[in-house]
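Structure first, commentary second.
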Amino acid sequence: MMVADRATKRRGPSSNAKSQNEEKLTPMQILTSNEQSPLDGGSTTLKFVALSLVTIGLSLTIGFKNSLFSSSSSHSQVNSHSIVPYTCPAHVETSDNDNHPGIFKGYQDNDARVFDKTLDVKHLNKTLDDFRNVSLDAWSYKYPRLKRMLKPWKEEVFVPHLKSGDSLYESACGSGMNLLVSVETLAEHNIHNITVYGNDYVQESIDLANYAWNTEGAKALATKGHLCRGDSSNLDFVPSSSFDLVYTGYIDPLNDPLNLLTEEDLASGDDDAPCQWQSSEFCESDDPIDKYLAKQEQLEQENWFASWVSEMLRIAKPGKVVAIESIAESICKVGDWGGVDKTWWSAETVKKYGWDVDPSSIIIRQVPKEFEMFSKRYQVMMKKNE
């Protein structure tokens with residue numbers, strides 16, 4: 001989890017062509033009453049003219065209706081979205097990362113502070129621009145700076161692999177602002193009509209995400225699919241092979257991987273900071289037991305990261321991209337809140353966890369140094385096999 005003073009995000013052609021069945025209209029000669037019909041006399045001529053006029057009328061009517069149907073159908077195909085069919089769960093089991101009281105309090109406090117000290121969406125009266133003008137999800141950056149940080153990465157990974165009408169899923173989507181960065185970046189590259197989906201474990205965060213994506217400003221940018229409360233390590237309510245790109249803006253590290261902290265330990269610090277302090281002490285200690293505990297904690301952290309990635313790969317369509325943003329390396333290497341080293345993303349890891357991925361598709365990018373608070377973090381993308 002990341003609060004403002006912790007320098008982390010816990011979590012980030014319409015075709016109007018005529019129908020092929022449209023009647024082809026052929027000009028017809030209209031005979032006057034004084035002209036001799038080439039077929040018959042006067043009365044026959046009148047009957048022929050009447051029959052011809054009726055035929056023209058029917059042809060025009062059929063052609064007009066078919067043209068309207070074709071145009072309407074084409075317009076519907078461009079602007080309608082087929083929502084992936086599933087239902088948000090009524091109950092979410094306690095996450096492995098929710099092992100101490102107050103673990104997610106930093107998110108709740110931060111978002112309540114910037115939104116009039118209330119997270120009850122029934123009492124909010126906000127526009128999408130109101131969301132853009134604050135720092136949510138404990139990112140430390142307001143939306144404009146967050147977008148500047150993430151945009152080059154989105155342009156490298158999202159833009160080439162999505163097209164208009166595709167679906168986009170964010171695991172641990174928070175209040176939905178990273179999704180907004182993604183959709184706005186895509187729109188700037190003429191990729192529109194995206195349908196957004198996501199989940200977050202914190203109820204208040206997913207409530208804000210649904211509120212934000214129900215605003216008129218958001219509706220003009222994309223279609224909202226399902227934004228559900230859910231544990232990113234277990235998305236069993238989400239169908240497999242369903243989305244065109246799946247990503248997370250941040251994998252929340254395990255706060256106490258071995259469940260070693262006591263209530264006294266927790267009471268001695270702010271929020272979940274004792275978890276970080278304890279792990280850092282293991283890393284710095286010369287005691288063989290502490291070194292062993294540090295190693296075991298890191299193994300648990302790696303299993304935790306793998307569980308998120310496995311679920312993202314499962315729900316992505318074959319051949320599509322899965323991306324992980326704002327990753328910290330291991331706590332013994334760089335501090336931060338814990339994570340996995342860049343070398344962990346290897347063929348060995350792919351094999352260990354049974355990921356349906358070609359290891360050669362994995363790319364790693366460092367967060368630009370100008371964003372000091374995140375400059376030690378990196379991003380990863382990979383492709384699910386066809």
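The values are calculated or read from the model by the stated rules, or taken from the named source; none is laboratory data. Predicted model, so just to flag it, every value in this text is computed and none were measured. Here the Cβ is made from the backbone with ideal geometry for all residues, glycine too, and neighbour counts use every protein chain on show. Surface accessibility is based on the protein's heavy atoms, side chains included, excluding ligands, DNA and RNA. Shrake-Rupley method; radii C 1.70, N 1.55, O 1.52, S 1.80 Å.
Ranking I315, I331, W345 by Cα position along the charge dipole of region 266-361, where only Lys, Arg, Asp and Glu carry charges on their C-beta atoms, puts I315 farthest toward the positive end. Here D130 sits with roughly 50 square angstrom of accessible surface, probe radius 1.4 Å.
Based on the convex hull around the alpha carbon atoms, region 200-338 presents an average projected area of 10.4 nm².
Near the amide H of V367, within less than 5 Å, lie the amide hydrogens of R377, Y378, Q379, all on another chain or at least 5 residues away, with H placed in the peptide plane. The shape of region 320-386 can be summarised by an equivalent ellipsoid whose semi-axes, obtained from the alpha carbon gyration tensor, come to 23, 14, 8 Å from longest to shortest. For region 214-352, the per residue solvent-accessible surface stands at 42 Å², with DNA, RNA and ligands left out and a 1.4 Å probe. Pairwise alpha-carbon distances in region 138-230 exceed 21 Å for 26% of all pairs. Remark: spin-label model distance E284-K126 equals 3.7 nm, labels positioned 7 Å along the Cα→Cβ axis.
Applying a DSSP loop filter and a limit of 14 other Cβ atoms within 10 Å to the GluC sites (Glu not before Pro) in region 234-331 leaves nothing.
Under a 5 Å amide H cut-off, with hydrogens placed 1.01 Å from N, N193 pairs with G165 among residues at least 5 apart or on other chains.
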